[in-house]
Amino acid sequence: MQYHLEMIGYDAILIRFTNAGNAQLLPVIYSLNQQLTNAVDLDAVIIDIIPSYQTLLVSFNILKIEPHQLVTKIDAYVKQVLNTHIQTSDRTLPVKINLITLPVCYHKSLAPDLESLSRHAALSIDDIIHIHSSTIYSCYAIGFMPNFGYLGDVDKRIQIPRHAKPQVQVAAGSVGIADNQTAVYPKASPGGWQIIGQSPIAVGRAVALDSLAVGCKVKFKPISLDDFHQYQQKVNL
């Protein structure tokens, strides 16, 4: 696994990993994010850390440290994490990983693209629901909007490309698939993902999506349409 550090502007450093797949990189990026976040010697220096599929972007206070000094410090942390990763044969992370379970209703009234996915995949709707909800996903990135977690990897049997033309409005809580990723829309917005269900957790004062973070695990739990409406009523009380 290789990496390089590059300056982005005058107050940010990009750590880019190469020669490794997303699943292999996730524990490395997760661990490095934790190490840098908790680094006592960098506490007054680092402003923000943004992890993604194969990169970490570290923004820092230019008044607190010279860029080349920070590059040297970060490089040492990267080497330490990589050495630990190589020595761990099962590639498990050195900290406990949160498993978040999100309720999803796959009823046709909330899943405008489920039937087209069924035709595309040549699978029954029940099979698609079972495949989608029985997979445990990793959160690889947060982006597009706050709390929008890019979750993977979607089973190859139910992968489908984004819509060629994005929808003007996708409902809050909509659960979509785009190629090998799945996600929950935290709020109503335009979007191009194939919508196969809806979760009530993004409605009203529900805050379950606030706990999404790079490195966490996510599983979807099928619920009925009645349960969906009951959940909506509870969070709006």
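The values are calculated or read from the model by the stated rules, or taken from the named source; none is laboratory data. Values in this document were obtained by computation on a predicted structure and should not be read as measured data. Backbone-built Cβ (ideal geometry, glycine too); neighbour counts: all protein chains shown.
Looking at segment 187-203, is at least one residue polar (S, T, N, Q) and more than 25 Å from ILE136 (Cβ to Cβ)?
Among the residues of segment 187-203, at least one is polar (S, T, N, Q) and more than 25 Å from ILE136 (Cβ to Cβ), which makes the answer yes.
Pick from segment 40-61 the residues that are of a type outside the set (A, V, I, L, M) and either in a strand (DSSP E or B) or in contact (Cβ under 8 Å) with a residue 60 or more places away in the chain (or both): which of them is surrounded by the fewest Cβ atoms within 10 Å (Cβ to Cβ)?
Restricting to residues being of a type outside the set (A, V, I, L, M) and either in a strand (DSSP E or B) or in contact (Cβ under 8 Å) with a residue 60 or more places away in the chain (or both), the top hit is ASP48.
Got a sec? Which of ILE129, ILE125 is touching a residue at least 60 places away in the same chain (Cβ under 8 Å) and either surrounded by fewer than 18 Cβ atoms within 10 Å (Cβ to Cβ) or not aromatic (Phe, Trp, Tyr) (or both)?
ILE129
Does GLY9 satisfy the criteria of being at positive phi, among the small types (Gly, Ala, Ser), surrounded by fewer than 19 Cβ atoms within 10 Å (Cβ to Cβ) and not assigned by TED's automatic domain parsing to the domain that holds PHE148?
Taking the combined requirement at face value, the residue satisfies it.
Against the condition in a loop (DSSP other than H, G, I, E, B), within 17 Å of the chain's Cα centre (by Cα) and among the β-branched types (Val, Ile, Thr), how does VAL218 come out, does it pass?
no
Does VAL170 fit the bill of being crowded, with 19+ Cβ neighbours inside 10 Å and at pLDDT 90 or above?
Here the answer is yes, as VAL170 does meet what is asked.
May I ask you to list the residues in segment 62-72 that are part of a loop (DSSP other than H, G, I, E, B) and over 10 Å from LEU42 (Cβ atoms)?
Scanning segment 62-72 gives ILE62, LEU63, GLU66.
Residues in segment 196-207: is at least one in the same structural domain as ARG157 (by TED's automatic domain parsing), modelled with pLDDT under 95 and loosely packed, with under 15 Cβ neighbours inside 10 Å?
yes
Can ILE158 be described as touching a residue at least 60 places away in the same chain (Cβ under 8 Å), among the β-branched types (Val, Ile, Thr) and crowded, with 19+ Cβ neighbours inside 10 Å?
Taking the combined requirement at face value, the residue does not satisfy it.
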